[in-house]
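The values are calculated or read from the model by the stated rules, or taken from the named source; none is laboratory data. What you see is a predicted model, and the numbers here were worked out from it, not measured in a lab. Note: ideal-geometry Cβ built from the backbone for every residue, glycine included; neighbour counts use all protein chains shown.
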Amino acid sequence: MYNDISYVKTRASFAIANKENKYSGTQILSIPRQLKKGARAFQLNVFTDSKQKGVREQIQVCFPDCDGIRGGTLYDNLVMFSGWLDENLTDVITIFIENKGGVGIELISQIFKESGLNKFIFPSNKRPPYTPWPTLLEMIKINQRLVVFEEKNDILAPNSDWIFSSRTHILQYDFSKDYLENKYIASPYSGDQIVSLTEIPHYGTNINSPVDNFNFPIQSNISQAKYMNSESLYLHSVTCLSSNTIVWGNFLLLDFFGIGNVDSILLGLNSVPLPNDTISAYYPDFFEQSTPNITRIFEKIRNSSKKRAYVWYIILYANIFSTLVLTII
């Protein structure tokens, strides 16, 4: 099912780190390249630019706000996802709208419609609380291959029938600044049946980074990316999987996707063989069992042994044979 799979989720997916922004961005790959490399969940931080006239131009994606990195219009970013889904008929993707800018549902709905994504949306009213998620195959068959969440605020979700609230559907584990010391946090804990998905925030940040209103550090640290996106990610995921009632780590929130060994970790979490490997390589070897041929054993002993030794071998194997017969009976 949709909630039985681990996905790479890129934080502020559009915020490319470069010399111009002093590497304060969160990613090294553009959204199209992230898609090609296997990311299937994306975070778009939306704000309103009142200086712009048209609806398409008014809603911008920025990180951490529009005084920082500007990633273009929401419309232009959504068009990239629409084109991808048009060309890749078996892909399911998830978009997270971080709506700290307080953008209204009317503008968001209009931009999604104009981008061509409306036809792909799996609507929130199709999965009432406490009901199972569909499988990916079911979503593909009905061509509803896009799931949209609103996170941090509940402005859009309560006023639409197609946006899910991450607050009520996703358990987001706490962020820890001690990942480099292999100290992983797998709390809070939940037994609420409505919470059917989890998110593991796993990225390195600068020392004394400012935090958002949820106490999550903001400034990324590219020097930690290789470590964070390799063994550390796997250990953190397994820790969370083994310590909660929700036994899956769904969204792995990462910076600098493309650095590290995320691909292999994701395959392992989803129980998929690594490249150039097959599941059959891990099957045990089985051999057909058969009873020993006593006649051939005697002949071999007789041909290679002295007469006295031959007699003792006959006695020995006669005992063995009688034991086998009694065991079978």
- Tell me which residues, restricted to the range 119-142, are surrounded by 13 or more Cβ atoms within 10 Å (Cβ to Cβ) and of a type outside the set (D, E, K, R). PHE120, ILE121, PHE122, PRO123, SER124, TRP133, PRO134, THR135, LEU136, MET139, ILE140
- Item | Options GLY116, GLY102: the member that is out of contact with any helix residue (DSSP H, G or I) (no Cβ under 7 Å at 6 or more places or on another chain), under 30 Å from GLN60 (Cβ atoms) and small (Gly, Ala, Ser) | GLY102
- If only one of PRO188, PRO134 is within 21 Å of the chain's Cα centre (by Cα), part of a loop (DSSP other than H, G, I, E, B) and at pLDDT 85 or above, which one is it? PRO134
- Query: How many residues does the range 55-94 contain that are under 24 Å from THR205 (Cα atoms) and charged (D, E, K, R)?
  - Reply: 3
- Item | Residue that is surrounded by the fewest Cβ atoms within 10 Å (Cβ to Cβ), among those in the range 51-73 that are out of contact with any Phe, Trp or Tyr (no Cβ under 9 Å at 6 or more places or on another chain) and under 15 Å from PHE112 (Cβ atoms) | GLN58
- Can you name the residue in the range 13-33 that is surrounded by 22 or more Cβ atoms within 10 Å (Cβ to Cβ) and polar (S, T, N, Q) and is also nearest to GLY204 (Cα to Cα) among such residues? THR26
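Quick grid of which residues meet (1) part of a strand (DSSP E or B); (2) in contact (Cβ under 8 Å) with a residue 24 or more places away in the chain; (3) in the same structural domain as PHE149 (by TED's automatic domain parsing):
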| residue | (1), (2), (3) |
| --- | --- |
| LEU29 | no, yes, yes |
| LYS36 | no, no, yes |
| PHE47 | yes, yes, yes |
| SER50 | no, no, yes |
| LYS53 | no, no, yes |
| VAL61 | yes, yes, yes |
| GLY72 | yes, yes, yes |
| ASN77 | no, yes, yes |
- Message: Can you tell me how many residues within the range 203-260 are modelled with pLDDT of 75 or more, charged (D, E, K, R) and assigned to a loop (DSSP other than H, G, I, E, B)?
- Response: 1
- Could you please tell me which pairs satisfy a Cβ distance under 7 Å, a separation of 6+ or placement on different chains, a first residue in the range 240-269 that is closer than 24 Å to TYR23 by Cα and of a type in the set (Phe, Trp, Tyr), and a second residue that is modelled with pLDDT under 80 and in a loop (DSSP other than H, G, I, E, B)? none
- Among the residues of the range 137-151, which ones are among the basic types (Lys, Arg) and out of contact with any helix residue (DSSP H, G or I) (no Cβ under 8 Å at 6 or more places or on another chain)? LYS141
- Note on the structure: Filtering the range 79-119 for residues that are farther than 26 Å from ASP154 by Cβ and part of a helix (DSSP H, G or I) leaves a count of 7
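Which residue is nearest to the chain's Cα centre (by Cα), if the candidates are limited to the range 143-167 and must be polar (S, T, N, Q) and surrounded by fewer than 16 Cβ atoms within 10 Å (Cβ to Cβ)?
In the first step, residues of the range 143-167 are kept if they are polar (S, T, N, Q); the result is 143-144, 153, 159-160, 165-166.
Within this subset, residues satisfying the condition of being surrounded by fewer than 16 Cβ atoms within 10 Å (Cβ to Cβ) are 143, 159.
Details: ASN143: 21, ASN159: 28 Å.
Among those residues, the one meeting the criterion is ASN143.
Residues checked against (1) closer than 21 Å to LEU267 by Cα; (2) among the aliphatic types (A, V, I, L, M); (3) modelled with pLDDT of 90 or more:
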site: ILE16; (1), (2), (3): no, yes, yes
site: LYS19; (1), (2), (3): no, no, no
site: SER24; (1), (2), (3): no, no, no
site: ARG33; (1), (2), (3): yes, no, yes
site: GLY38; (1), (2), (3): yes, no, yes
site: GLY54; (1), (2), (3): no, no, no
site: GLU57; (1), (2), (3): no, no, yes
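Which of the residues belonging to the range 1-27 are touching a Pro at 6+ places or on another chain (Cβ under 7 Å) and outside any loop (DSSP other than H, G, I, E, B)?
Answer for the range 1-27, where residues must be touching a Pro at 6+ places or on another chain (Cβ under 7 Å) and outside any loop (DSSP other than H, G, I, E, B): just TYR2.
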